[in-house]
Every structure is written in C-alpha cells, then in structure tokens.
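Shown next, in structure tokens, is the structure this report addresses.
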C-alpha cells in the first residue's frame, strides 16, 4: 500500500511538471505568433508609428514574420527556461502557483494592471508639460494589442524570470551569510525593476532624437524609471507570490489600459 502512494505521488508530480512545462511553451508560442503577426500583417503600421520607412529586405513580410517568430522561440526559449530553473532553485512558484486559486494569477493581476495603467496615465499627464518631450507615443490600434501581449510575455520572461532570477541567486548566496536570505528576493526585485526601466532608455533616445543619455531631460529620466519601476515592482511582487503568469498579467493589463485604451482616446 505504501509503494502505491509513493507511485501515485510521483505520477502527480510528473503530471504537474508536465502541465507547468506545457504552460510555458504555450506562452512562448503565443509570443512567437504575436511577433509573426506584427511583421507579417502590421509592419507598415509599425513603421509609420515610429516614423521610419520600411526597409526593402528582398523578401515578403510573411518571411520576415517567420524569421522574427523563430528568433523569439530560440532566444526567449533559452531565457524562459533559465528563468524557470532559477525559480526552482529559489523555491518560487515558477510559471504559476499550483494551488487551484485562479483568482491569484488571473483576477488579481487584472486589478493591479488596471491600477498601474491608471498610474501611467496620471504620470504621463503630470510629467508631459515638464519633461522636455511631451506625451509618450502609443502604437496604433490594433497593433497596440499585439504590442501589449508581446511586451507582457517577452519582457516578463526577460526581466522577472531571468534578470530577477540570476540576481536573486547571487544575492541569496551572499545575504544568507547574514541569515536574511528572504531579503535577496526584494533586492533582486528592485534590481529587475530598475533594469526594466533602463530597458526603455533606447525608446527614449529614439523618440527624442538624443544621441546620448546626457542629452535627455533629467525629468524625463525620472519619469521613465519611476513609472516603469512601479510596474516592475508590482509585477515582480506577483512573480514572487504567484508566478510568471501573474507577472505577465500585470504587465499585459497595464499596457492594455495605458497603450490600447488610453492610446485610443488620447
């Protein structure tokens, strides 16, 4: 009888692991599909929104879309698997917390994302008159939906899964000597949030036409790190508590309210 329960436990563990792995690859495929659709169907709209003409690559948009989808699968597959490995080592939920409470990784991220989106809208209205640039641009609809989903999945795999994970591993090893290993997660969350903000510096340079960071208005830099940092911290907190899907949910719904809805009315 004991051996039967041991066998059943092993089967359940294997089933849970398979479901978790399957969920990760579903996210990866959705991200790759978004990349394909963006370049195959909306590349002209994308070029118009950023003010850059579409370069002649000598191939069809479908081929360009397939190439970008392939890059997503390879690059973010590696980053995602690395992040999942870090999560296991850190004893975090990983992809999602397997407690059957769907509200924790679906409903709660929606509410938090809506609040973060509102914070970005208010922040944009407050900073626009004093940042030397004005209001941040939004992708045109319906490209904004694909952009929100792509950013939600890809950036969370990168910043929450990989960047957070590798810093948490390093910090836990160091801080454990002082018997406060839990603090490593919060420090890593701050680092990942700052990295998330820094990840938007390229867009700021592009849209302002600045050649170096020194040319950017200091108020614009504060806005960039403050608003993106808040979203990063909230997403990171959900990642710690509930897993990657919850972090993606926070990011996605933030962008839906910020880029999609506000983009339509602003």
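Overview of values
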read-out	value
Meets criteria (farther than 28 Å from residue 80 by Cα and modelled with pLDDT under 95) for residue 141	yes
Test set (1) loosely packed, with under 14 Cβ neighbours inside 10 Å; (2) outside any helix (DSSP H, G or I) - residue 203 fails condition number	(2)
Boolean, residue 167 is without any contact (Cβ under 8 Å) to a residue 24 or more places away in the chain and either farther than 26 Å from residue 112 by Cβ or in a helix (DSSP H, G or I) (or both)	no
Residue count for the range 74-109, restricted to those that are outside any helix (DSSP H, G or I) and either crowded, with 16+ Cβ neighbours inside 10 Å or touching a helix residue (DSSP H, G or I) at 6+ places or on another chain (Cβ under 7 Å) (or both)	9
Test: residue 121 is farther than 22 Å from residue 233 by Cβ, touching a helix residue (DSSP H, G or I) at 6+ places or on another chain (Cβ under 9 Å) and either modelled with pLDDT of 95 or more or surrounded by fewer than 21 Cβ atoms within 10 Å (Cβ to Cβ) (or both)	no
Selection within the range 202-231 - more than 20 Å from residue 119 (Cβ to Cβ) and within 18 Å of the chain's Cα centre (by Cα)	202
Members of the range 55-73 found to be loosely packed, with under 13 Cβ neighbours inside 10 Å and more than 20 Å from the chain's Cα centre (by Cα), listed by number	55, 56, 57, 58, 59, 60, 62
Residues of the range 125-149 satisfying the condition of being surrounded by fewer than 19 Cβ atoms within 10 Å (Cβ to Cβ) and not in a loop (DSSP other than H, G, I, E, B)	125, 126, 145
Residue 187 vs. criteria surrounded by fewer than 22 Cβ atoms within 10 Å (Cβ to Cβ), modelled with pLDDT under 95 and at negative phi	yes
Among the residues listed as 235, 214, the single one being assigned to a helix (DSSP H, G or I) and surrounded by fewer than 18 Cβ atoms within 10 Å (Cβ to Cβ)	214
Residue 175 crowded, with 16+ Cβ neighbours inside 10 Å and either outside any helix (DSSP H, G or I) or at pLDDT below 90 (or both)	yes
Residue check for residue 152: at positive phi and either crowded, with 19+ Cβ neighbours inside 10 Å or in contact with a helix residue (DSSP H, G or I) (Cβ under 8 Å, 6 or more places away or on another chain) (or both)	no
Test result for residue 264, closer than 21 Å to residue 125 by Cα and surrounded by fewer than 17 Cβ atoms within 10 Å (Cβ to Cβ)	yes
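The values are calculated or read from the model by the stated rules, or taken from the named source; none is laboratory data. Just so you know, these numbers come straight off a predicted model, no measurement behind them. Cβ sites come from the backbone with ideal geometry, for glycine too, and all protein chains shown count toward neighbours.
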